[in-house]
Amino acid sequence: MIVLGLGGMGSATLFHLARRGLRVLGLERFDLVHEHGSSHGLTRIIRLAYWEHPTYVSLLRRAYELWRELEGLSAERLLHITGSIDAGPAGGPVFEGALRSSELHGLPHEVMDGAELHRRFPGYRLPRETRCLYQPDGGFLLPERCNVAHVMLAQAHGAEVHCREPVLDWGVTGGRVWVATSRGRYEAGRLVVCAGPWAAKLVPELGGLAVPERQVLAWLQPSRPEYFRPDVFPVFNLEAEEGRCYGFPSFLVPGFKFGKYHHRGEIVDPDAVNPEPQPEDEELLRSFARRYFPDGAGPTMMLKTCLFTNSPDRHFILDRHPDHPEVTIAAGFSGHGYKFCSVIGEIMADLAQQGQSRHDIGFFRLERFAPSL
Ligand SMILES: Cc1cc2nc3c(=O)[nH]c(=O)nc-3n(C[C@H](O)[C@H](O)[C@H](O)COP(=O)(O)OP(=O)(O)OC[C@H]3O[C@@H](n4cnc5c(N)ncnc54)[C@H](O)[C@@H]3O)c2cc1C
């Protein structure tokens, strides 16, 4: 088996395949840890009260289980629980969706207004009328460490890993997959494509279905650092007048970290993105922090660009290739995929090994976009 791309999804897939005793080769075009794709930036939110759709909650329960298992196997702390806030106007998708998922799945949760949220967690200064759902199981993962942990454990199970070896082309001949790289040519029974923002370059059928978009993250030094520690500042999703934002407590660097979903709406070619954040990027993020997190809006500590890969409905694509059952695809994670890597690794290993998964993934099939295929 060959896994193409060793970011969040590919590293987890490599691990699950290798641990099943399968012979597997992982190919990555950059270094094992790099900043060109979607899985860098120190932290990623994980949360159970999934406002995007209740379907995700059962996958999330398994994802939590597998992240905990990965922590045990790697003897490393990878998941930090802070609780999560999903906030926005009454009737808006974030608050109402989080409430719906919590009620449907019996998740522990509390509902409060912006004033009560500030009393409980003083870093937050949301308007009083904002509806806020607190869910105690939310938190954050350390993506670079999770990817490395998956790869190292895969290697311990015999996986072969080649970094700085871009895949240039692939095809299927007589039921076998071949992959041509900058260094050689390989053959296997199955290929799993986990190429993140490059997915449509490798699988042209994904054109228009896995669209890269430039994002920028900011870390600002809080004037009240005691309000932004992980024990007093839950991760959040906030539907604000300016758009939907998300953020984290200070961790590893002295900065309150946050971003705005679909930052400036810039669709990009992943091979031609300017990695350098611009003053307009910083000002957009800063104005948001000044308004809703004034004690967190001090000097800039760090800015980073990163790429989303959006599907048309913002839900994932997990499926076999429409013409080649030997090839499976994980793509279109639309800015909310990292928390699921552990379970998507299991799903992709199922699909590659058995052609179907133990998890219900009907919601993520490519055929929902059938007219575009
Ligand atoms: C700013 C930002 C914030 C986010 N916040 C969150 C969050 O808080 N919570 C959350 O759950 N999700 C979040 N996400 C989304 C999440 O990070 C992504 O959904 C996830 O990382 C996608 O993983 P991936 O494996 O698909 O892509 P990647 O991690 O980019 O991996 C793809 C890999 O394929 C490799 N590759 C591509 N082409 C080739 C080739 N030809 N040959 C060999 N290798 C190749 C790339 O180099 C790369 O390493 C965020 C994303 C961004 C950008």
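Going through the stretch 97-136 one residue at a time, which ones are closer than 25 Å to Val57 by Cβ and open to solvent by 70 Å² or more (accessible area, probe 1.4 Å)?
Result: Arg100, Glu103, Leu104, Pro108, Glu110, Arg120, Arg131.
In the stretch 169-205, what residues are among the small types (Gly, Ala, Ser), outside any strand (DSSP E or B) and either away from the ligand (no atom under 12 Å from the Cβ) or closer than 14 Å to Arg29 by Cα (or both)?
Scanning the stretch 169-205 gives Gly174, Gly175, Ser182, Gly184, Gly189, Ala195, Gly196, Ala199.
Restricting to the stretch 21-35, count the residues that are among the small types (Gly, Ala, Ser) and either near the ligand (Cβ under 6 Å from one of its atoms) or more than 20 Å from Asp169 (Cβ to Cβ) (or both).
Number satisfying all stated conditions: 1.
Under 7 Å by Cβ, and 6 or more places apart or on different chains, what pairs join a residue from the stretch 78-99 that is in contact (Cβ under 8 Å) with a residue 60 or more places away in the chain with one that is open to solvent by 60 Å² or more (accessible area, probe 1.4 Å) and assigned to a strand (DSSP E or B)?
Ala87/Arg131; Gly88/Arg131; Pro89/Arg131; Phe95/Arg131
Having 2 or more residues that are more than 26 Å from Ala49 (Cβ to Cβ) is the bar; report the strands (runs of 3 or more DSSP E) wholly within the stretch 118-162 that clear it.
On the way: elements: 131-135, 139-141, 160-162.
In the stretch 118-162, 160-162 are the strands (runs of 3 or more DSSP E) which contain 2 or more residues that are more than 26 Å from Ala49 (Cβ to Cβ).
Go through (1) within 15 Å of the ligand (Cβ to nearest atom); (2) closer than 30 Å to Val24 by Cα; (3) in contact with a Gly (Cβ under 8 Å, 6 or more places away or on another chain); (4) of a type outside the set (S, T, N, Q) and name the single condition Glu346 misses.
With (1) within 15 Å of the ligand (Cβ to nearest atom); (2) closer than 30 Å to Val24 by Cα; (3) in contact with a Gly (Cβ under 8 Å, 6 or more places away or on another chain); (4) of a type outside the set (S, T, N, Q) applied to Glu346, the lone miss is (3).
Within the stretch 36-83, track down each residue that is more than 16 Å from Gly8 (Cβ to Cβ), away from the ligand (no atom under 13 Å from the Cβ) and open to solvent by less than 10 Å² (accessible area, probe 1.4 Å).
Within the stretch 36-83, Ala49, Val57, Gly83 meet the criteria.
Mind checking which residues of the stretch 102-117 are in a helix (DSSP H, G or I) and closer than 27 Å to Glu71 by Cα?
Scanning the stretch 102-117 gives a single hit, Ser102.
Considering every residue within the stretch 161-179, establish whether at least one is polar (S, T, N, Q) and more than 26 Å from Asp269 (Cα to Cα).
Our first condition is that a residue be polar (S, T, N, Q); within the stretch 161-179, this holds for 173.
Applying the additional criterion that residues be more than 26 Å from Asp269 (Cα to Cα) yields 173.
Scanning the stretch 161-179 turns up at least one residue that is polar (S, T, N, Q) and more than 26 Å from Asp269 (Cα to Cα).
Starting from residues that are open to solvent by 10 Å² or more (accessible area, probe 1.4 Å) and closer than 12 Å to Cys146 by Cβ, keep the ones in the stretch 1-20 and report whichever is farthest from the ligand (Cβ to nearest atom).
If we take residues in the stretch 1-20 being open to solvent by 10 Å² or more (accessible area, probe 1.4 Å) and closer than 12 Å to Cys146 by Cβ, then Met9 is farthest from the ligand (Cβ to nearest atom).
Name the residue that is nearest to the ligand (Cβ to nearest atom), counting only residues in the stretch 244-263 that are assigned to a strand (DSSP E or B) and open to solvent by less than 10 Å² (accessible area, probe 1.4 Å).
Among those residues, the one meeting the criterion is Gly259.
Out of the stretch 279-297, which residues are more than 30 Å from Gly83 (Cβ to Cβ) and touching a residue at least 12 places away in the same chain (Cβ under 8 Å)?
Glu280
Condition (residue is modelled with pLDDT of 95 or more, surrounded by 14 or more Cβ atoms within 10 Å (Cβ to Cβ), closer than 18 Å to Pro54 by Cα and within 10 Å of the ligand (Cβ to nearest atom)) applied to the stretch 350-368: is it met by at least one residue?
Checked against the condition, which is being modelled with pLDDT of 95 or more, surrounded by 14 or more Cβ atoms within 10 Å (Cβ to Cβ), closer than 18 Å to Pro54 by Cα and within 10 Å of the ligand (Cβ to nearest atom), the stretch 350-368 yields no hits at all.
Every residue in the stretch 211-243 that is surrounded by fewer than 17 Cβ atoms within 10 Å (Cβ to Cβ) and either within 13 Å of the ligand (Cβ to nearest atom) or in a strand (DSSP E or B) (or both), please.
If the condition is that a residue be surrounded by fewer than 17 Cβ atoms within 10 Å (Cβ to Cβ) and either within 13 Å of the ligand (Cβ to nearest atom) or in a strand (DSSP E or B) (or both), then Gly243 is the only one that fits.
Report yes if some residue within the stretch 140-162 is farther than 30 Å from Arg29 by Cα, out of contact with any Lys or Arg (no Cβ under 6 Å at 6 or more places or on another chain), surrounded by fewer than 16 Cβ atoms within 10 Å (Cβ to Cβ) and among the acidic types (Asp, Glu); otherwise report no.
Taking every residue of the stretch 140-162 in turn, none turns out to be farther than 30 Å from Arg29 by Cα, out of contact with any Lys or Arg (no Cβ under 6 Å at 6 or more places or on another chain), surrounded by fewer than 16 Cβ atoms within 10 Å (Cβ to Cβ) and among the acidic types (Asp, Glu).
Kindly indicate whether any position in the stretch 192-200 is open to solvent by 10 Å² or more (accessible area, probe 1.4 Å), at positive phi, free of Cβ contacts under 8 Å to residues at least 60 places away in the same chain and within 19 Å of the chain's Cα centre (by Cα).
Checking the stretch 192-200: not a single residue is open to solvent by 10 Å² or more (accessible area, probe 1.4 Å), at positive phi, free of Cβ contacts under 8 Å to residues at least 60 places away in the same chain and within 19 Å of the chain's Cα centre (by Cα).
The values are calculated or read from the model by the stated rules, or taken from the named source; none is laboratory data. Everything quoted here is computed from the prediction, not taken from an experiment. Here the Cβ is made from the backbone with ideal geometry for all residues, glycine too, and neighbour counts use every protein chain on show. Accessible surface is based on the protein model in full, side chains and every heavy atom, while ligands, DNA and RNA are left aside. Shrake-Rupley method; radii C 1.70, N 1.55, O 1.52, S 1.80 Å.
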